[in-house]
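Down below is the structure, laid out as structure tokens.
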């Protein structure tokens, strides 16, 4: 899977879930082949599409797309 495919899948899924999803939820729902996301890809998505990852109380991060931050 290439970065652009990964980014588009994540963006599309997170736009359907404005409250956000954890990495595990994204991995399962999108049937992603990765145990962990590539840190470089995550950094690029933060800059390109407004990805935000916020730690929740249970130690997991919630992935969200920040409103008005999308550059696509």
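Once fully extended, how much extra length lies between residue 9 and residue 38, figured as 0.36 nm per residue of separation less the alpha-carbon to alpha-carbon distance?
Extending this stretch completely gives an extra 9.0 nm.
Evaluate the relative contact order of the chain (contact order divided by residue number), counting alpha-carbon pairs under 8 angstrom at least 6 apart; express in whole percent.
It comes to 33 percent, rounded to a whole number.
From the helices alone, meaning DSSP H stretches of at least four residues, give me the mean residue ellipticity at 222 nm for the chain, per-run term -39500 (n - 2.57), in deg cm²/dmol to the nearest 500.
-13500 deg cm²/dmol
Residues in the range 32-66 near a label at residue 25, defined as backbone nitrogen under 15 Å from the 7 Å Cα→Cβ point?
52-66
Only the coordinates and a few stated rules stand behind these numbers; no lab work does. The structure displayed is predicted, hence computed values, not measured ones. As a convention, Cβ positions derive from the backbone with ideal geometry for all residues, glycine included, and neighbour counts pool all protein chains shown.
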